[in-house]
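The values are calculated or read from the model by the stated rules, or taken from the named source; none is laboratory data. All of these numbers come straight from a predicted model, not from anything done at the bench. Ideal geometry is used to build each Cβ from the backbone, glycine not excepted, and the neighbour counts take in all protein chains shown.
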Amino acid sequence: MGERVYVALGSNVGDREAHLAHARARLGALPRTRLIRASRVEETPPLGPVPQGPFLNQMVLLETELPPTQLLGELHAIEAERGRERKVRWGPRTLDIDLIAYDDLALDTPDLMLPHPRLFERAFVLVPLAEIAPERTIAGIRVRDALAKVDITGIHKLPPR
């Protein structure tokens, strides 16, 4: 069909599970796009200097014919549907949707960098990515090898629902 795309979901405000469920449903309903796989949901401590509650995070694999910038616009629209406001960097979020990798595309524009520039630093991204694609190589690095190099302290998988 199209390109294989990894998208990270996160929420730490309101009904976190409902926000993730909404994102999954909307992603799967995008034009010329299929949701192929989703990791289990995990609870993770927040990053950054802003005091806030823990996040629920998840990784999904999409197959899409949408070009990267159009897909990014759709992701931002889904965030906005759930009340996402971009006021405080690394602050609390109802819904955060990040485009992590778009097949093997390398892109560096003011609006979008692919693969995501902090992918290999973030356990909350690597843990669910390794669950659904441990052997996937992104920017020359195998996902499970990258996961072995990050601290996963504080990350807890939620039971399946």
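Scanning segment 114-135 for residues that are in contact with a helix residue (DSSP H, G or I) (Cβ under 7 Å, 6 or more places away or on another chain) and crowded, with 18+ Cβ neighbours inside 10 Å returns 114, 119, 120, 125, 126, 127, 129, 130, 133. So for segment 37-50 (the condition being more than 15 Å from the chain's Cα centre (by Cα), closer than 29 Å to residue 134 by Cβ and either assigned to a helix (DSSP H, G or I) or not hydrophobic (A, V, I, L, M, F, W, C) (or both)), does at least one residue qualify? So far as segment 37-50 goes, yes, one or more of its residues are more than 15 Å from the chain's Cα centre (by Cα), closer than 29 Å to residue 134 by Cβ and either assigned to a helix (DSSP H, G or I) or not hydrophobic (A, V, I, L, M, F, W, C) (or both). Figure legend. Inter-residue proximity from segment 150-161: first residues in contact (Cβ under 8 Å) with a residue 40 or more places away in the chain, second residues hydroxyl-bearing (Ser, Thr, Tyr), beta-carbon distance below 9 Å, spacing 6+ or different chains. Indicated pairs: 154/44; 155/44; 156/44; 157/39. Close Cβ contacts (under 7 Å, 6 or more residues apart or on different chains) running from residues in segment 98-127 that are free of Cβ contacts under 8 Å to residues at least 24 places away in the same chain to residues that are polar (S, T, N, Q) and surrounded by fewer than 13 Cβ atoms within 10 Å (Cβ to Cβ) are absent. Put simply, of 13, 60, 41, 7 the only residue that is in contact with a Phe, Trp or Tyr (Cβ under 8 Å, 6 or more places away or on another chain) and either among the hydrophobic types (A, V, I, L, M, F, W, C) or surrounded by fewer than 15 Cβ atoms within 10 Å (Cβ to Cβ) (or both) is 60. The sole residue among 80, 148 that is surrounded by fewer than 14 Cβ atoms within 10 Å (Cβ to Cβ), modelled with pLDDT of 95 or more and over 18 Å from residue 3 (Cβ atoms) is 148.
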